[in-house]
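Have a look at the structure below before the remarks.
No value in this document is a laboratory result; all are computed from the given coordinates. Quick caveat, the model's predicted, so the values are computed rather than measured. Quick reminder, even Gly has a Cβ in these numbers, built from the backbone with ideal geometry, and neighbours come from all protein chains shown.
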Amino acid sequence: MNETETPLASPAPATAAPGLPFGKLAAVYRGLFMAGCTLWYLVPLLVQSALFGHDMRRALRVRKRWARTVLRHLGVRILREGPLPAPEGPALYVGNHRSYLDPIVVLHDVEALPVAKAEVASWPLIGFAARATGIMYVKRESKRSRFGTLMAIRQTLQEGHSVLLYPEGTTHLDPHTMPFRAGAFRVAAELGVPVVPVAIDYPDPANAWVGDATFLPHFLQAFAKKYLEVRIAYGPPLVHDDARQLVARTREWIDGRLKEWNALAVR
């Protein structure tokens, strides 16, 4: 895996990624490899589940191996600041949102069930694979769907599994977080489950997936380069019985990292 760990006080400078010869064809090859790799890991898991019953921990381990293999072959370079998170028991991982790549980068490091917008369920192969390995879909415009997702988050945490959440509800390039929906924080506060802040950013803003960009043109553009760099940092586990405090402290930590990275970019 193309991965660099850097201390919090001095993040490694990003470098401009050169394009690959026949870049669009290289991006197509990478996309096909991603699809093939998904089947390679998914089919044995489905067979095992059919024979021995579904094992969520096994599914999460398999997905972690899949994420590491896929990111390596996509040319993703992870510039990680600080250590990996190591909470005791389940945690609620909460991040700012830049791209469809964000959860794959996090799932390279941790075993968690992500919460995703309902449209992802219809994505060819990816939607099916996500359901098979553990995911919660939400229609953000539906109050009923949001309530059902909160109940699923509660059950998942109570069963001892971690959850990955992007409470901004959309991707953006702002140098700070957008307002967070507080529902999952209330669940964490009631259960005494730690919230782990996750800050993520792309040194080359063109690699973020924001605005009206559609998936396929963006994928062909981003992965036509030799590599794609992404910064990520995990904050300390935050525990509090007041959801508002959890929201404020999580946003404060993530905003601090984003401010630091933004300052680095304009040097």
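Mean separation of Cα pairs under 8 Å and 6 or more residues apart, divided by the residue count, gives the stretch 16-154 a relative contact order of 24 percent.
Under a Gaussian network description of the chain, with springs only between Cα atoms under 10 Å, the residue in ARG140, ARG30, ARG63 that fluctuates furthest is ARG140. If you count Lys pairs in the stretch 3-265 whose Cα atoms are under 16 Å apart, skipping same-chain pairs closer than 8 places in sequence, the total is 4.
Under the criterion of Cα pairs below 8 Å and six or more residues apart, the relative contact order for the stretch 126-210 equals 22 percent.
Rounded to the nearest 500, the helix-only mean residue ellipticity at 222 nm of the chain stands at -14500 deg cm²/dmol, with each DSSP H run of n ≥ 4 adding -39,500 (n - 2.57). Rounded to the nearest whole Hz, the Karplus-based 3J(HN,Hα) values (6.51 cos²θ - 1.76 cosθ + 1.60, θ = phi - 60°) of the stretch 39-48 follow the sequence 5, 4, 7, 6, 4, x, 5, 5, 5, 4, with x at glycine and proline. Peptide packing: for 119-132, 162-175, 228-241, the average count of neighbouring Cβ atoms within 10 Å per residue gives the ranking 228-241, 162-175, 119-132, highest mean first. Karplus-based coupling profile of the stretch 81-89, in residue order and whole Hz: 9, x, x, 5, x, 9, x, 8, x, with θ = phi - 60° in 6.51 cos²θ - 1.76 cosθ + 1.60 and x standing for Gly or Pro.
Percent of Cα-Cα pairs more than 22 Å apart in the stretch 44-117, please.
Percentage above 22 Å: 30.
Shape class of the chain from the alpha-carbon gyration tensor: oblate, with a/c at 1.5 or above and b/c at least as large as a/b. Computed from phi, the 3J(HN,Hα) profile of the stretch 205-212 under the Karplus parametrisation 6.51, -1.76, 1.60 (θ = phi - 60°) reads x, 5, 7, 6, 10, 9, x, 8 Hz, with x in place of Gly and Pro.
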